[in-house]
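A.B. asks: Quick one: structure below, then a few questions.
The values are calculated or read from the model by the stated rules, or taken from the named source; none is laboratory data. Only a predicted model underlies this, so the values are computations on that prediction, with no experimental measurement involved. No Cβ is skipped: glycine too gets one built from the backbone with ideal geometry, and neighbour counts run over all protein chains shown.
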Amino acid sequence: MRTIRQISCILIGLVFMFSGIVKAIDPLGSAYKFHDYFMAFNMGWLDFLSLPLAILLCLAEFIAGFAVISGIRQKEGIWGVTLLMLFFTPLTLFLAITNPVSDCGCFGDAIHLTNWQTFWKNVVLLIPTIILFKDRKQITPISIKNEWKVIRTLIIFFVLFCIGNLRHLPLIDFLPYKTGVRIADQMIIPEGAEYDQYLTTFIYERNGEQKEFTLENYPADDPTWAFIDQKTTLLKKGYEPPISNFAIITFDGMDLTNQILNRDGYTLLMIAKKLDEADSKKLLSGFETGKFVEDAGINFLILTSTSYDEAQKYMNGLQFCAVDETTLKTMLRANPGYMLINNGKIEGKWSSSTLPQNEWFKSIALGEETSKGNNVRLLFSIFYIAIFLYLVLLILVINIQKYFRSKSLISRLFRL
């Protein structure tokens, strides 16, 4: 039984830590998922909580998973995991039945699961969770100094990690618009790929009785039947390319999509999902950058889902284009943010805080690339990779020490 408990600890700990980390890498993506659910259930008045709830959820998952797998405040971690499972298992069953949003978002954009897959995943995870909760009093937790101090420190670092990913763009880009990707290649449907399969039924009425027909047997030549309605049901989802809705249209109605994808030269896209929701100082700074890069010979476009009437107050001689809001959210997790394209290939993505200096754009336009002059994102990445490597080492050491029943090495690690 002890071996089963240890396996359960490792399984639950890894799954919850992984779920928390991938959400924390892209907290804005998780916030978008909360927004989708609020809209689906007519709870738009809660939309302002989308981002705080996204950060709180990934924090709860990560800390609970860490506590379970490391043994530091393990019983509290087991309680946390149990409460999360008791809440989300029936919730995911309801979501699987009603299907208000096709992707649950439980692993962010790292792994996409349907609502039914998520529910059965939770059913499987309930087994080790029940084992741990049932035997929680028999588990001997790790005894070290300042356990709560360790947890509090981890919470602070984790929240700062979420904020850093919001400010500097996700540490790992799980989106289809990754740096190095050629957009047109991601829009291709392979030869022989399956298409969506639909069933269309027609509802007719005769003598007060309604009946459903298919295309093969509907009473087209029988005047005694009166057409009432038709329904189209998706039977089987076909292949969908990673990028399927990329279209850039000027407010004058001109389609620039092919021009941008085939242009032999640099195009800098300023992506402002909603102009009125963006920071005004960042917008003004972006407009100034746009004018500078245009003078340097780089094409510059502002992509937004803001309506034409609303966008008029921001127009300043630069080219504004209309793009679907979901597409903009998928392209880049910032408002505003920037994407550099050359001959249809994504060369770079930045938030306002990590955008290279103007002189760098001038140098690439001249074919004389120099240092970007903005290493904030690089330093952020190195710092948190080091922290996560230390946590992995810590968990390994703790579990090895559990096996050998020795606490000397653990004590050395926690002389805080």
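A.B. asks: Is it fair to say V68 is over 20 Å from L14 (Cβ atoms), surrounded by 14 or more Cβ atoms within 10 Å (Cβ to Cβ) and touching a residue at least 12 places away in the same chain (Cβ under 8 Å)?
C.D. replies: It is false that V68 is over 20 Å from L14 (Cβ atoms), surrounded by 14 or more Cβ atoms within 10 Å (Cβ to Cβ) and touching a residue at least 12 places away in the same chain (Cβ under 8 Å).
A.B. asks: Same structure, new question: Anything in the stretch 11-42 that is of a type in the set (A, V, I, L, M) and at pLDDT 90 or above? List them, or say none.
C.D. replies: L11, I12, L14, V15, M17, I21, V22, A24, I25, L28, A31, M39
A.B. asks: Quick one: would you say T114 is of a type in the set (S, T, Y) and out of contact with any strand residue (DSSP E or B) (no Cβ under 9 Å at 6 or more places or on another chain)?
C.D. replies: So T114 does not fit the description; no.
A.B. asks: Moving on. Can you find a residue that is surrounded by 15 or more Cβ atoms within 10 Å (Cβ to Cβ), in contact with a strand residue (DSSP E or B) (Cβ under 8 Å, 6 or more places away or on another chain), assigned by TED's automatic domain parsing to the domain that holds F16 and not in a helix (DSSP H, G or I) anywhere in the stretch 83-104?
C.D. replies: yes
A.B. asks: Quick one: which residue in Q186, Q210 is under 22 Å from the mean Cα position of the chain (by Cα), outside any loop (DSSP other than H, G, I, E, B) and either exposed (fewer than 13 other Cβ atoms within 10 Å of the Cβ) or not assigned by TED's automatic domain parsing to the domain that holds P52 (or both)?
C.D. replies: The unique qualifying residue is Q186.
A.B. asks: In this structure, is C58 in contact with a Lys or Arg (Cβ under 7 Å, 6 or more places away or on another chain) and either surrounded by fewer than 24 Cβ atoms within 10 Å (Cβ to Cβ) or part of a helix (DSSP H, G or I) (or both)?
C.D. replies: yes
A.B. asks: Has the stretch 142-159 got any residue that is exposed (fewer than 12 other Cβ atoms within 10 Å of the Cβ), on the phi < 0 side of the Ramachandran plot and assigned to a loop (DSSP other than H, G, I, E, B)?
C.D. replies: Checked against the condition, which is being exposed (fewer than 12 other Cβ atoms within 10 Å of the Cβ), on the phi < 0 side of the Ramachandran plot and assigned to a loop (DSSP other than H, G, I, E, B), the stretch 142-159 yields at least one hit.
A.B. asks: Could you tell me how many of the residues in the stretch 31-55 are more than 16 Å from the chain's Cα centre (by Cα) and either within 20 Å of W148 (Cα to Cα) or assigned to a helix (DSSP H, G or I) (or both)?
C.D. replies: Final tally of qualifying residues: 9.
A.B. asks: Hey, any hits in the stretch 107-128 for a residue that's assigned to a loop (DSSP other than H, G, I, E, B), of a type in the set (F, W, Y) and at negative phi?
C.D. replies: yes
A.B. asks: Looking at (1) out of contact with any Lys or Arg (no Cβ under 6 Å at 6 or more places or on another chain); (2) in the same structural domain as I69 (by TED's automatic domain parsing); (3) not acidic (D, E), find the lone condition where R136 falls short.
C.D. replies: (1)
A.B. asks: Show the residue pairs meeting these rules: Cβ distance below 6 Å; 6+ apart or different chains; first residue within the stretch 290-311 and under 21 Å from V323 (Cα atoms); second residue modelled with pLDDT of 90 or more and among the small types (G, A, S).
C.D. replies: F300/G290; T304/A272
A.B. asks: Which numbered condition trips up T224, out of (1) surrounded by fewer than 11 Cβ atoms within 10 Å (Cβ to Cβ); (2) β-branched (V, I, T); (3) closer than 21 Å to D324 by Cα?
C.D. replies: Here T224 meets the rest and fails (3).
A.B. asks: Right, S30: within 21 Å of T330 (Cβ to Cβ) and either out of contact with any strand residue (DSSP E or B) (no Cβ under 8 Å at 6 or more places or on another chain) or not charged (D, E, K, R) (or both) or not?
C.D. replies: yes
A.B. asks: Which of the numbered conditions does K137 fail, given that it passes all the others? Conditions: (1) outside any helix (DSSP H, G or I); (2) surrounded by fewer than 17 Cβ atoms within 10 Å (Cβ to Cβ); (3) modelled with pLDDT under 90.
C.D. replies: (1)
A.B. asks: Please state which one of L275, L215 is without any contact (Cβ under 8 Å) to a residue 40 or more places away in the chain, within 30 Å of V181 (Cα to Cα) and touching a strand residue (DSSP E or B) at 6+ places or on another chain (Cβ under 9 Å).
C.D. replies: L275
A.B. asks: Among the listed residues L83, L46, L56, which satisfies the condition of being in contact with a helix residue (DSSP H, G or I) (Cβ under 8 Å, 6 or more places away or on another chain) and among the aliphatic types (A, V, I, L, M)?
C.D. replies: Just one listed residue meets the conditions, L46.
A.B. asks: Conditions: (1) among the acidic types (D, E); (2) in contact with a Lys or Arg (Cβ under 8 Å, 6 or more places away or on another chain); (3) surrounded by fewer than 20 Cβ atoms within 10 Å (Cβ to Cβ). D26 meets all but one. Number of the miss?
C.D. replies: (3)
A.B. asks: Give the number of residues within the stretch 246-263 that are in a strand (DSSP E or B), without any contact (Cβ under 8 Å) to a residue 40 or more places away in the chain and among the polar types (S, T, N, Q).
C.D. replies: The qualifying residues number 0.
A.B. asks: Another one. Please find, among A247, A226, A220, the residue that is small (G, A, S) and touching a Ser or Thr at 6+ places or on another chain (Cβ under 8 Å).
C.D. replies: Sole residue among the options that is small (G, A, S) and touching a Ser or Thr at 6+ places or on another chain (Cβ under 8 Å): A247.
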